[in-house]
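> Right, I'll just put the structure down here and ask away after.
The values are calculated or read from the model by the stated rules, or taken from the named source; none is laboratory data. What you are looking at is a predicted structure, and each value in this text was computed from that prediction instead of being measured. We place every Cβ from the backbone using ideal geometry, glycine too, and count neighbours over all the protein chains shown. Remember, those area values only see protein heavy atoms, side chains included, never the ligands or the DNA or RNA. Shrake-Rupley method; radii C 1.70, N 1.55, O 1.52, S 1.80 Å.
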Amino acid sequence: MATINDNYLKLKAGYLFPEIARRVNAFAQANPDASIIKLGIGDVTEPLPEACRTAMIKAVEDMGDRATFKGYGPEQGYSWLREKIASHDFQSRGCEIEPEEIFISDGSKCDNGNILDIFGDNNTIAVTDPVYPVYVDTNVMAGNTGAANDAGEFEGLVYLPVTAENDFTAEIPSQKVDLIYLCFPNNPTGATASKDYLKAWVDYANSHGSIILFDAAYEAFITDPSVPHSIYEIEGARNCAIEFRSFSKNAGFTGTRCALSVVPKTLTGKAADGSDVELWKLWNRRQSTKFNGVSYIVQRGAEAVYSEAGQAQIKGLVSFYLENAKIIREQLTAAGLTVYGGVNAPYIWLKTPNELSSWDFFDKLLQMTNIVGTPGSGFGAAGEGYFRISAFNSRENVNEAMKRIMEKLKV
Ligand code: MLT
């Protein structure tokens, strides 16, 4: 009889967003006339930028001509895309990142999970709490944790609480950890990290031989010029950090799929025999073996993000969602709620009113206003009593959602 990976049995029954979808579907079936507005999962609603669409249509034509047809592409991505990313997203900000250090992929969620393939099973792993659930669940699947307690905390992980009391930035741990997940601008709290704060993490990582897994999927939403967009803006980060980025949220690629990971050639980890091994070589080996690259058509679409027209169009998209975030922040505040985030990020993090639990507030919001959000406790034990509202939706839906909250939920 084939056996299974028992680690999966330690996971909560469903991944957070499918679980929300399940509850919303049940509500919709019981209330067929309800006009439900989804401000839960951070999924984009606005169409792909014209520059990307035009480039993808041209790429489809390329595939229809023997002279320009493409079969398997490089597993790491086409050099013309990697070069543009290196120069535009990194070198222009003073980060010494070479095109070869960039690996094109089909998503940050996948990269965040897959990266564990190249690390040992004896690392001490730190996550913030609340946190993007993928970091925790993929470690559980990989067997890097014990069982969960009643609060949903897994044995063996180091949880770094982020709450209003510490301004949603985790304290640097006093103990030694080997892998640290950081996400800025943060999902779910919308908090940002200053250069000094990231420098403290980089110094910590370099002095302990730790690796920072830096998720910058929301960097395009940074409006404050003092906030760093990349961990590599911090001196020393080439020796301790891997960065993940995505075209999902800036260019609307959630359904199109394109992202990237950056693994500097200067990064090393320890082998069992005590020798230092280049992580780039392992990641390159992993991607070459388990991944066949992102389609030529999609990579041409991603390349168009860096054209003059593409840049203007993605700025328009980001500003549109940030304006939604501003409306949500202002209206929720006017409704008497305490809100955080939503300035340099597309997520608004609110304190649930009247000490309601996160799931109780989810139910109340759904039943009274037919609006879907994300319970803070779904992101970790310290998220209990908080709630996330996503700014990814049409202006019409955001205005309608805020009107309903003002009418029915004012506290
Ligand atoms: C979220 O809502 O947290 C994100 O959409 C999840 C993701 O990007 O995978």
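> May I ask you to verify whether Thr45 is in contact with a helix residue (DSSP H, G or I) (Cβ under 9 Å, 6 or more places away or on another chain), within 16 Å of the ligand (Cβ to nearest atom) and in a loop (DSSP other than H, G, I, E, B)? Don't jump to the end; show me each part of the working.
On the way: in contact with a helix residue (DSSP H, G or I) (Cβ under 9 Å, 6 or more places away or on another chain): yes; within 16 Å of the ligand (Cβ to nearest atom): yes; in a loop (DSSP other than H, G, I, E, B): yes.
Here the answer is yes, as Thr45 does meet what is asked.
> Can you name the number of the only condition in (1) of a type outside the set (Val, Ile, Thr); (2) part of a loop (DSSP other than H, G, I, E, B); (3) within 16 Å of the ligand (Cβ to nearest atom) that Ser35 fails?
(3)
> Then there's this: Filter segment 264-286 down to residues that are more than 25 Å from Val177 (Cα to Cα) and either within 16 Å of the ligand (Cβ to nearest atom) or aliphatic (A, V, I, L, M) (or both), then give me how many there are.
0
> Just to be sure I understand, how many residues within segment 235-248 are open to solvent by 10 Å² or more (accessible area, probe 1.4 Å) and more than 16 Å from the ligand (Cβ to nearest atom)?
The total comes to 4.
> Can we say Arg285 is crowded, with 20+ Cβ neighbours inside 10 Å and either in a helix (DSSP H, G or I) or not basic (Lys, Arg) (or both)? So that I can check it myself, show each step before the final result.
Details: crowded, with 20+ Cβ neighbours inside 10 Å: no; either in a helix (DSSP H, G or I) or not basic (Lys, Arg) (or both): yes.
For Arg285, the condition - crowded, with 20+ Cβ neighbours inside 10 Å and either in a helix (DSSP H, G or I) or not basic (Lys, Arg) (or both) - is not met.
> On to the next question. When the residues of segment 1-28 are narrowed to those that are under 27 Å from the mean Cα position of the chain (by Cα) and aromatic (Phe, Trp, Tyr), which ends up farthest from the ligand (Cβ to nearest atom)?
Restricting to residues being under 27 Å from the mean Cα position of the chain (by Cα) and aromatic (Phe, Trp, Tyr), the top hit is Tyr8.
> Another question about this same structure. If we scan segment 97-119, do we find a residue that is aromatic (Phe, Trp, Tyr) and part of a loop (DSSP other than H, G, I, E, B)?
yes
> Of (1) out of contact with any Lys or Arg (no Cβ under 9 Å at 6 or more places or on another chain); (2) crowded, with 21+ Cβ neighbours inside 10 Å; (3) within 30 Å of Phe17 (Cβ to Cβ), Asp121 satisfies all except one. Which?
Tallying (1) out of contact with any Lys or Arg (no Cβ under 9 Å at 6 or more places or on another chain); (2) crowded, with 21+ Cβ neighbours inside 10 Å; (3) within 30 Å of Phe17 (Cβ to Cβ), Asp121 fails exactly one: (2).
> Same structure again: With respect to Gly152, determine if the residue is small (Gly, Ala, Ser), open to solvent by less than 20 Å² (accessible area, probe 1.4 Å) and in a loop (DSSP other than H, G, I, E, B). Walk me through it before giving the result.
Numbers: small (Gly, Ala, Ser): yes; open to solvent by less than 20 Å² (accessible area, probe 1.4 Å): no; in a loop (DSSP other than H, G, I, E, B): yes.
Spelling it out, it is not the case that Gly152 is small (Gly, Ala, Ser), open to solvent by less than 20 Å² (accessible area, probe 1.4 Å) and in a loop (DSSP other than H, G, I, E, B).
> Could you grab the pairs with beta carbons closer than 8 Å, sequence gap of 6+ or different chains, first residue in segment 201-213 and crowded, with 17+ Cβ neighbours inside 10 Å, second one among the acidic types (Asp, Glu)?
Note: pairs meeting the criteria are Val202/Glu235; Ser210/Asp178; Ile211/Asp178.
> A follow-up question, please. Look at segment 1-16 and say how many of its residues are surrounded by fewer than 14 Cβ atoms within 10 Å (Cβ to Cβ) and more than 25 Å from Gly40 (Cβ to Cβ).
7
> Starting from segment 117-134, take each residue that is without any contact (Cβ under 8 Å) to a residue 60 or more places away in the chain and list its partners that are open to solvent by 40 Å² or more (accessible area, probe 1.4 Å) and within 16 Å of the ligand (Cβ to nearest atom), counting only C-beta distances under 7 angstrom and pairs at least six apart or across chains.
Val134/Lys109
> How many residues does segment 254-263 hold that are within 14 Å of the ligand (Cβ to nearest atom) and surrounded by 24 or more Cβ atoms within 10 Å (Cβ to Cβ)? Step through it out loud before you land on a result.
If we filter segment 254-263 for residues that are within 14 Å of the ligand (Cβ to nearest atom), which is where we start, we get 254-259.
Applying the additional criterion that residues be surrounded by 24 or more Cβ atoms within 10 Å (Cβ to Cβ) yields 258.
Number satisfying all stated conditions: 1.
> Looking only at segment 375-411, which residues are touching a helix residue (DSSP H, G or I) at 6+ places or on another chain (Cβ under 8 Å), within 13 Å of the ligand (Cβ to nearest atom) and within 21 Å of Val318 (Cβ to Cβ)?
Arg388, Ile389, Ala391, Phe392, Asn393
> Moving on. Looking for whichever is more than 16 Å from the ligand (Cβ to nearest atom), surrounded by fewer than 16 Cβ atoms within 10 Å (Cβ to Cβ) and within 23 Å of the chain's Cα centre (by Cα) here; the options are Arg93, Arg82. Which one fits? Before you say what the answer is, go through the steps one by one.
Working: Arg82 fails: surrounded by fewer than 16 Cβ atoms within 10 Å (Cβ to Cβ).
Only one candidate passes the filter, namely Arg93.
> Here's a follow-up. List the pairs whose first member sits in segment 63-83 and is in the same structural domain as Phe247 (by TED's automatic domain parsing), whose second member is among the aliphatic types (A, V, I, L, M) and part of a loop (DSSP other than H, G, I, E, B), and whose Cβ atoms are under 8 Å apart, counting only residues at least 6 apart or on separate chains?
So the pair list comes out as Gly73/Val294; Gly77/Val294.
> Then there's this: What are the residues in segment 185-197 that are in contact with a Pro (Cβ under 6 Å, 6 or more places away or on another chain) and part of a helix (DSSP H, G or I), if any?
Within segment 185-197, the first condition is being in contact with a Pro (Cβ under 6 Å, 6 or more places away or on another chain), and the residues that meet it are 188, 192, 195.
Result: Lys195, single match.
> Is segment 209-222 home to any residue that is away from the ligand (no atom under 16 Å from the Cβ) and under 27 Å from Thr338 (Cβ atoms)?
yes
> When segment 246-279 is examined, which residues are found to be in a strand (DSSP E or B), within 19 Å of Tyr135 (Cβ to Cβ) and out of contact with any Asp or Glu (no Cβ under 7 Å at 6 or more places or on another chain)? It would help to see each step written out before you state the result.
First, pick out the residues of segment 246-279 that are in a strand (DSSP E or B): 246, 259-262, 268-270, 276-278.
Retained after the next criterion (residues that are within 19 Å of Tyr135 (Cβ to Cβ)): 246, 259-262, 269.
Correct list: Ser246, Leu260, Gly269.
> Determine if segment 107-115 includes at least one residue that is within 16 Å of the ligand (Cβ to nearest atom) and free of Cβ contacts under 8 Å to residues at least 40 places away in the same chain. Walk me through it before giving the result.
In the first step, residues of segment 107-115 are kept if they are within 16 Å of the ligand (Cβ to nearest atom); the result is 107-115.
Imposing the further condition that a residue be free of Cβ contacts under 8 Å to residues at least 40 places away in the same chain reduces the set to 109, 113.
Yes, segment 107-115 contains a residue that is within 16 Å of the ligand (Cβ to nearest atom) and free of Cβ contacts under 8 Å to residues at least 40 places away in the same chain.
> Out of the residues in segment 29-56 meeting the condition of being over 19 Å from Ile389 (Cα atoms) and over 28 Å from the mean Cα position of the chain (by Cα), tell me which one is least open to solvent (accessible area, probe 1.4 Å). Lay out the reasoning, then the answer.
Pass one, segment 29-56, residues over 19 Å from Ile389 (Cα atoms): 29-34, 47-56.
Narrowing further to those that are over 28 Å from the mean Cα position of the chain (by Cα): 29-34.
Details: Gln29: 156, Ala30: 75, Asn31: 61, Pro32: 102, Asp33: 149, Ala34: 28 Å².
That would be Ala34.
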